Amino acid sequence: MNKSKLFLDLAFLLSLFTFVSSANGQILKERLNTVAGELKIVQLDDGELGNKFAVMLGENSILKTDGEKEGSRFFDFPVPNILRHFKNGVRPFDEVVLFQQNMWGNACDGGPLWFLGLNRNGSFVISSSVDFCGGREPIIREGANNVTIIIPGGPPNRGEGYIPGETWIYQNGEVKRVRKRNRRR
């Protein structure tokens, strides 16, 4: 097979995939097979800088974002991305997926972080989110019964000053900030 024929065949398959994935008005952005079924992130509007997305579990939408509707969840950060997949789960879940919401542009190098706990029977729990808007990348540590997110302190994206670091724990389907203890002598 010559290279130009191979290139044309690949181009055809790519265009067919794009047509099939956007034929129902949805553009597939990410896909992950999980114990609860196929997890997908789809863009619901067209265009390079779309603002409407859905996280789908099987054929069911479990979270929608709308960067055009003020007051909607993740209004300022409408673009979901899979940041980490914990295949061994975090109790009480068989698997856990960590998402990060992003925005278009460069005003923020990060976005809110949230967890999706999945069970083999198809049940799931969406956690509350951890605010994160840039600076150094969060450090994510997986434990036997939890996930720790360490957000390093540092200067803000713009301006002056110092933003203190934070530590968050995801455990039993909930995200909680670890408060520093005041040490008295």
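Read the figures in this text as sums done on the coordinates, not as results from a lab. Since this is a predicted model, take the numbers as computed values, not measurements. Don't worry about glycine lacking a Cβ; one is built from the backbone with ideal geometry, like all the others, and counts go over all protein chains shown.
Would you point out the residue of segment 133-152, among those that are in a loop (DSSP other than H, G, I, E, B) and more than 23 Å from GLY89 (Cβ to Cβ), that is farthest from the chain's Cα centre (by Cα)?
PRO152
Considering only residues of segment 28-41 that are surrounded by 19 or more Cβ atoms within 10 Å (Cβ to Cβ) and within 12 Å of the chain's Cα centre (by Cα), which is nearest to VAL97 (Cα to Cα)?
LEU39
Which of the residues that make up segment 142-168 are among the charged types (D, E, K, R), free of Cβ contacts under 8 Å to residues at least 40 places away in the same chain and surrounded by 11 or more Cβ atoms within 10 Å (Cβ to Cβ)?
If the condition is that a residue be among the charged types (D, E, K, R), free of Cβ contacts under 8 Å to residues at least 40 places away in the same chain and surrounded by 11 or more Cβ atoms within 10 Å (Cβ to Cβ), then GLU166 is the only one that fits.
Quick test of your reading of the structure: VAL125 fulfils all but one of (1) β-branched (Val, Ile, Thr); (2) out of contact with any Phe, Trp or Tyr (no Cβ under 7 Å at 6 or more places or on another chain); (3) in contact (Cβ under 8 Å) with a residue 40 or more places away in the chain; (4) within 20 Å of ILE163 (Cα to Cα). Name the failing condition by number.
(4)
Mind listing whichever residues of segment 44-82 are surrounded by fewer than 16 Cβ atoms within 10 Å (Cβ to Cβ) and within 12 Å of the chain's Cα centre (by Cα)?
Passing the criteria: only ASN81.
Could you give me the residue pairs with C-beta distances under 7 Å whose first residue belongs to segment 72-98 and is within 16 Å of GLU38 (Cα to Cα), whose second residue is surrounded by fewer than 20 Cβ atoms within 10 Å (Cβ to Cβ) and among the basic types (Lys, Arg) wherever it lies, and which are 6+ apart or on separate chains?
Listed pairs, sorted by first residue: ASP94/ARG120; GLU95/LYS87; LEU98/ARG84.
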